[in-house]
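The values are calculated or read from the model by the stated rules, or taken from the named source; none is laboratory data. It should be emphasised that the depicted structure is a prediction, and the values quoted were computed from it without experimental measurement. Using ideal geometry, Cβ is built from the backbone for each residue, glycine included, and neighbour counts are taken over all protein chains shown. Side chains included, ligands, DNA and RNA excluded: accessible areas come from the protein's heavy atoms. Shrake-Rupley method; radii C 1.70, N 1.55, O 1.52, S 1.80 Å.
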Amino acid sequence: PPSSQNNEQGSTLRDLLTTTAGKLRLGSTDAGIAFAPVYSTGTATGKSGRTMPNILDDIIASVVENKIPPNRAPKINVKSEIKEEPKDDKKSIQDDCSKRYSDIQYSWICDKHVLWLRDHKNTNNWKLFKECWKQGRPVLVSGMHKKMNFSLWKAESISLDFGNQQADILNCKDSIISNTNVKEFWDGFEDVSKRQKVKNGETALLKLKDWPSGEDFKTMMPARYEDLLKSLPLPEYCSPEGKLNLASHLPGFFVRPDLGPRLCSAYGECVAATKDHDIGTTNLHIEVSDVVNILVYVGIAKGNGVLSKSGVLKKLEEEDLDDLLRKRLKDSSELPGALWHIYAGKDADKIREFLQKIAKEQGLEVLPEHDPIRDQSWYVNKKLRQRLFEEYGVKTCTVIQFLGDAIILPAGALHQV
């Protein structure tokens, strides 16, 4: 190219670098170098001099050092760079979404903390989901069971196909785990008379924990695996091949967490019958990765000591529920199956401190290294949730999961079920 054009391009690059460097120097406590060199001054072999530099950073550092003396910060209109934060972040997001995504059926629940996508078939759902996901908020997608082969997920169907398998079964009342035949678990899933009894004669509240999981799920239950994958909500994010599913596109040398899928099955109606709902089938904990949980089947148990459907509904209505969730409870076509309490990741330290305080009040030994959240040793009942709010300002987000609901949680969110 002509020399004049070449000079102009070079000048533009220098201007870009120095302008950027000037902005970065505003917060710098270093001796005026905006980009710290990314090479060391020696090697493990003892040779002096620098090792292989990052060439781009090296060039930038060189240009910046020559262009901006350490004692002369460039003049920048800082005010024009600062954008005023909206006074009500939640309200601004919702107002903006109502204008931009008028073709999507959705609502906000749990004091505007959870996005509820009401039409699982809408191919534009991911656009609104993305806006909510940036804020680290949970998302509920309803109706996923309408895309699934329902017969595959019935308790009797799973018992028939896999009853001879062995698995770990947890009794949620005393946290005792036993390895037993899964047919025993499934036979009692909807028939209380066939359930195990503990020493005092009480019916065991059992949970088949993460059986099967990961590759075992795919190998053992190929038809169910395929049915689940084709029915995942927001496939752009949730599908293993989703274009926005970051974990699926990491190079092979990254160590991924167990991304499942895994089947979690538990007896639930006995929980609703307990005083103050003191027992959960999943204690308070944190997941290390984003999670999508789909309620694929809800059984209606029969037998002595089991609440009727109306009794379960009455118990659920005692919870601190959003008006829209109360309305869903009254809808005869909806079948509730799980009660969730969700907390934002930013509240983890407060919750940890609160639980350690409660443990001391109850005379329990609290060791310095003990983490009640990591150890999954607590189900926070109604009274404790109220104290948590009054004493620490941490509000519980209560969600009822109905048949076919997918709950999507960001990594770091605390929850119990």
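How much accessible surface does VAL182 have with a 1.4 Å probe, in Å² rounded to 10?
0 Å²
With the Cα gyration tensor of the range 241-390 giving a ≥ b ≥ c as the square roots of its eigenvalues, does the rule (a/c under 1.5 for rounded; else a/b larger than b/c for prolate; else oblate) give rounded, prolate or oblate?
oblate
Which ³J(HN,Hα) values, rounded to whole Hz and listed in residue order, are derived for the range 113-122 from phi using the Karplus coefficients 6.51, -1.76 and 1.60 in 6.51 cos²θ - 1.76 cosθ + 1.60 with θ = phi - 60°, glycine and proline given as x?
So the Karplus estimates, Gly and Pro as x, are 8, 10, 8, 10, 8, 8, 10, 5, 7, 5 Hz.
State log₁₀ I(q)/I(0) for the range 366-417 at q = 0.18, 0.25 Å⁻¹ as given by the Debye formula over alpha-carbon point scatterers of equal weight, solvent excluded.
Computed log10 I(q)/I(0) values: -0.81, -1.21.
Taking K and R as +1 and D and E as -1, what net charge do the other residues with C-beta under 10 Å from the C-beta of ARG262 add up to?
Charge balance near ARG262 sits at -2.
At 7 Å along the Cα-to-beta-carbon direction for both SER178 and ASP216, put a label point, then send me their distance in nm to one decimal.
Output for this residue pair reads 1.9 nm.
Please work out the C-alpha center-to-center distance from the range 369-400 to the range 274-349 and express it in whole Å.
16 Å
Under 12 Å from the Cβ of GLN166, count the other residues' Cβ atoms, weight Lys and Arg +1, Asp and Glu -1, and hand me the total.
Taking every Cβ under 12 Å from that of GLN166, the sum is -1.
Loop only per DSSP, at most 12 neighbouring Cβ atoms within 10 Å: give me the GluC sites (Glu not before Pro) in the range 346-417, ordered by residue number.
Qualifying residues, ordered by number: GLU365, GLU369.
Given a Förster distance of 30 angstrom, what is the FRET efficiency for GLN362 paired with THR123, based on the Cβ-Cβ distance and rounded to 0.05?
Approximately 0.05, to the nearest 0.05.
What residues qualify as long-range amide H neighbours of GLY337, i.e. H under 5 Å apart, gap of 5 or more or another chain, H built at 1.01 Å from N?
GLN401, PHE402, LEU403
For the range 288-388, run through the trypsin sites (Lys or Arg not before Pro) and keep only the ones in DSSP coil with at most 15 other Cβ atoms within 10 Å of their Cβ.
LYS330, ARG374
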